[in-house]
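Since the structure comes first, as structure tokens, the remarks are kept for the end.
The values are calculated or read from the model by the stated rules, or taken from the named source; none is laboratory data. These numbers were taken from a predicted model, which means no experiment stands behind them. Positions of Cβ are generated from backbone atoms using ideal geometry, with glycine treated the same way; all protein chains shown enter the neighbour counts.
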Amino acid sequence: MNHFSFHDDELYCESVPLARIAAREGTPLYVYSRATLERHFKAFDDAFAAVRHLTCYSVKANSNIAVLRLFGRLGSGVDVVSGGEIMRALKAGIAPEKIVYSGVGKTRAEIERALESGILMFNVESAQELELISRAASEKGARARIALRVNPDVDPQTHPYISTGLKKNKFGVSIDDAFEVYERAAAMPAIEVAGIDCHIGSQITSVTPFVDALSRIKAFVQRLRALGIAVRYVDLGGGLGITYNREEPPAPDQYAAAVISELGDLDCTLILEPGRCLVGNAGCMVTRVLYTKQTELKEFVIVDAAMNDLIRPSLYDAHHTLTAVRQQHGPVVRADIVGPICESGDFLAHDREMNRPSQGDLLAVMSAGAYGFSMASNYNSRLRAAEVLVDGSEYHVIRRRETFDDLVRCEMIPGCLG
């Protein structure tokens, strides 16, 4: 459930009409619902109440510090994949002991920052990374808690670009090789083996891949314990999907019941890293129609949002529902909704059936709370959008719209160019 609904043919977020926000803040514009974010977090976290667990929101899905603060106040930890995400989490008030650091390419500087911050643990993705963490911790006189990201070779049945748990993917250590790496880790004085991690993909709409992965991880944990390697945490990652179009993902309680049943009496703390399922349907992107035009073969609706604002349709051919912010009753057309960028791949929808909009109308691109702004760029020197959080009958700007000065703030012309 989300808190976007029509009242008298006008789309609202909670108790605020989107047209009012767009009139004041401009477009393109990201709008998030606080009530939906809170509802989704509680539904997910409460579903695992029967077992020891820590819900670590996946920052990459939506990294605005206001969103992180909101989840942190509800008890969330975070899953991060860069030094920048660690900085964001700490700035938002997330306790360091609730931060799990994943990511296949951690740098020395990022590792040192994480050690200094006192994070819960590193999810290690290679033998060489383990060696670097060991050296960095030893030189600082510290002991780094780690889990090894084990690749269970489970097909998540999702888009190949967001599949991460197969042998051919770049992530983690093969389950066939992981035992040897754990033995090496256990012998390192500056390393504390604390857990095991896996993450098989994103936008997964069945519980079966999760259960299959956990079954393999569970057997591996028992093998480690038999050798005397204590494993206190099992990090199952994230990846639970949402409804964009006709998908029917399991509800959090169905997902939790399947996971808890498979976990059985393993006696560990379960770490979960939800991202999309918390924020995806809690946000939309509002865009304004600049022009409409009809060619011999196509009808086009040209809007002021582009692939730099929301890249999922161009990158994954992803479906996002589009709806007029004020209901239209004109003729039904089949159109491409496209942006201003000089790429044929710059589109929000292809061959979408809709009431023909007019110049100046507002459209809402739904289910844009995840991997929307967080994947935005300045391609074509376009300004990145503002972000707004709606709270009941009020809204708050949680990221101002960029200015032209922001575009060149970090650039400089060297003296040799006069």
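Quick notes on this one:
- Among the residues of the stretch 207-239, those that are under 21 Å from the mean Cα position of the chain (by Cα) and part of a strand (DSSP E or B) comprise 234, 235.
- Number of residues in the stretch 26-48 that are surrounded by fewer than 22 Cβ atoms within 10 Å (Cβ to Cβ), within 23 Å of the chain's Cα centre (by Cα) and of a type in the set (Gly, Ala, Ser) equals 3.
- Here the condition is being farther than 18 Å from residue 16 by Cβ and in contact with a Ser or Thr (Cβ under 6 Å, 6 or more places away or on another chain); of 367, 374, it holds for 374 alone.
Here's the yes/no breakdown for (1) among the charged types (D, E, K, R); (2) buried (at least 21 other Cβ atoms within 10 Å of the Cβ):
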position: 303; (1), (2): no, yes
position: 306; (1), (2): no, yes
position: 317; (1), (2): yes, no
position: 331; (1), (2): no, no
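- Here the stretch 376-390 is the region considered, the condition is being surrounded by 10 or more Cβ atoms within 10 Å (Cβ to Cβ), out of contact with any strand residue (DSSP E or B) (no Cβ under 7 Å at 6 or more places or on another chain) and not aliphatic (A, V, I, L, M), and the residue that is nearest to residue 36 (Cα to Cα) is 384.
- Residues being more than 20 Å from residue 283 (Cα to Cα) and either at pLDDT 95 or above or surrounded by fewer than 16 Cβ atoms within 10 Å (Cβ to Cβ) (or both) - total across the stretch 237-253: 1
- Taken together, the criteria exclude residue 249 from residues that are closer than 30 Å to residue 97 by Cβ and either part of a strand (DSSP E or B) or assigned by TED's automatic domain parsing to the domain that holds residue 101 (or both).
- Residue within the stretch 364-372 that is loosely packed, with under 12 Cβ neighbours inside 10 Å, outside the structural domain of residue 244 (by TED's automatic domain parsing) and either more than 20 Å from residue 6 (Cβ to Cβ) or touching a strand residue (DSSP E or B) at 6+ places or on another chain (Cβ under 8 Å) (or both) present: no
- Checking each residue in the stretch 319-329 for being surrounded by fewer than 19 Cβ atoms within 10 Å (Cβ to Cβ) and either touching a His at 6+ places or on another chain (Cβ under 8 Å) or assigned to a loop (DSSP other than H, G, I, E, B) (or both) picks out 319, 321, 327, 328, 329.
- Residue under evaluation residue 393, criteria (1) surrounded by 14 or more Cβ atoms within 10 Å (Cβ to Cβ); (2) closer than 23 Å to residue 326 by Cα; (3) of a type outside the set (A, V, I, L, M, F, W, C), criterion not met: (1)
- Test: residue in the stretch 15-25 that is surrounded by 24 or more Cβ atoms within 10 Å (Cβ to Cβ), without any contact (Cβ under 8 Å) to a residue 40 or more places away in the chain and of a type outside the set (S, T, N, Q): no
- Pairs where the first residue, in the stretch 40-52, is within 12 Å of residue 251 (Cα to Cα) and the second is assigned to a helix (DSSP H, G or I) and not aromatic (Phe, Trp, Tyr), C-beta under 6 Å, 6+ apart: 40/278; 43/252; 44/252; 47/252; 47/253; 47/256
- Within the stretch 350-393, being basic (Lys, Arg) and farther than 30 Å from residue 57 by Cβ holds for 352, 356.
- Residues in the stretch 380-413 that are among the aliphatic types (A, V, I, L, M) and in the same structural domain as residue 27 (by TED's automatic domain parsing): 8 in all.
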